[in-house]
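Worksheet for the structure shown next.
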Amino acid sequence: MKPRLEFAKVAPGARDAMLGVERYVHGAGLEPALLELVKIRASQINGCAWCLDMHTKDARARGEREQRLYAVAAWHEAPFFTDRERAALAWTEAVTLVATTHVPDDVYAAARAQFGEKELVDLTLAVIAINGWNRLNVAFRTVAGTYKPELGR
């Protein structure tokens, strides 16, 4: 596969704006492991190989178990996720597929049972951010496989 263009080089301000959202999300207080699961699930839905490569590597670097990484796509059936993680994954799916789902009331209720108001806004912004990254990388065909995790970012 060959990239269409390197969006970060062509428009570094756009990349910097996206990184600003990432800094906010990572400083908001949600668990890093939860954020990686959210990023992996949205990237699976959107078919973003670059982001899947990145976030599975980051999750592993943070100590995530392989078993859970393999099961993210089938989290509904897998017993490896907490109620909070399940609510976040359902919220991720609903927000990622908003044109189809319109974020159902039962998904909202489950998310609110696990997340405070600010946490839910922050989680939603995390979903928005990864969907933005997915769209940039898929649209411009960013080639996966070269990412190396940098903990502490």
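Bear in mind these aren't lab numbers, they're just calculated from the coordinates by the rules spelled out. In this text the structure is predicted, and so the values were computed from the model without any measurement. Don't worry about glycine lacking a Cβ; one is built from the backbone with ideal geometry, like all the others, and counts go over all protein chains shown.
If N134 satisfies every condition in (1) out of contact with any Gly (no Cβ under 9 Å at 6 or more places or on another chain); (2) among the polar types (S, T, N, Q); (3) buried (at least 16 other Cβ atoms within 10 Å of the Cβ) but one, which is the exception?
Result: N134 fails condition (1) only.
Which numbered condition trips up K2, out of (1) in a helix (DSSP H, G or I); (2) under 20 Å from T142 (Cα atoms)?
Checking K2 against (1) in a helix (DSSP H, G or I); (2) under 20 Å from T142 (Cα atoms), the one that fails is (1).
Please specify each residue of region 102-117 satisfying the condition of being surrounded by fewer than 13 Cβ atoms within 10 Å (Cβ to Cβ) and either under 18 Å from the mean Cα position of the chain (by Cα) or not in a helix (DSSP H, G or I) (or both).
H102, P104, G116
Which one of A87, A111, A126 is within 11 Å of A42 (Cα to Cα) and touching a residue at least 12 places away in the same chain (Cβ under 8 Å)?
Among A87, A111, A126, only A126 is within 11 Å of A42 (Cα to Cα) and touching a residue at least 12 places away in the same chain (Cβ under 8 Å).
Go through (1) touching a residue at least 24 places away in the same chain (Cβ under 8 Å); (2) surrounded by 12 or more Cβ atoms within 10 Å (Cβ to Cβ); (3) under 15 Å from the mean Cα position of the chain (by Cα) for F7 and report which single condition fails.
Here F7 meets the rest and fails (3).
Looking only at region 56-79, filter to residues that are in contact with an Asp or Glu (Cβ under 7 Å, 6 or more places away or on another chain) and assigned to a helix (DSSP H, G or I); which one of those is farthest from A8 (Cα to Cα)?
Among those that are in contact with an Asp or Glu (Cβ under 7 Å, 6 or more places away or on another chain) and assigned to a helix (DSSP H, G or I), it is A59.
Could you tell me which residue of region 38-67 is farthest from R135 (Cα to Cα), considering only residues that are among the aliphatic types (A, V, I, L, M) and in contact with a helix residue (DSSP H, G or I) (Cβ under 6 Å, 6 or more places away or on another chain)?
Restricting to residues being among the aliphatic types (A, V, I, L, M) and in contact with a helix residue (DSSP H, G or I) (Cβ under 6 Å, 6 or more places away or on another chain), the top hit is A59.
Name the residue that is surrounded by the most Cβ atoms within 10 Å (Cβ to Cβ), counting only residues in region 137-153 that are farther than 15 Å from R15 by Cβ and basic (K, R).
R141
Taking into account only those residues within region 23-55 that are outside any helix (DSSP H, G or I) and on the phi < 0 side of the Ramachandran plot, which is surrounded by the fewest Cβ atoms within 10 Å (Cβ to Cβ)?
E31
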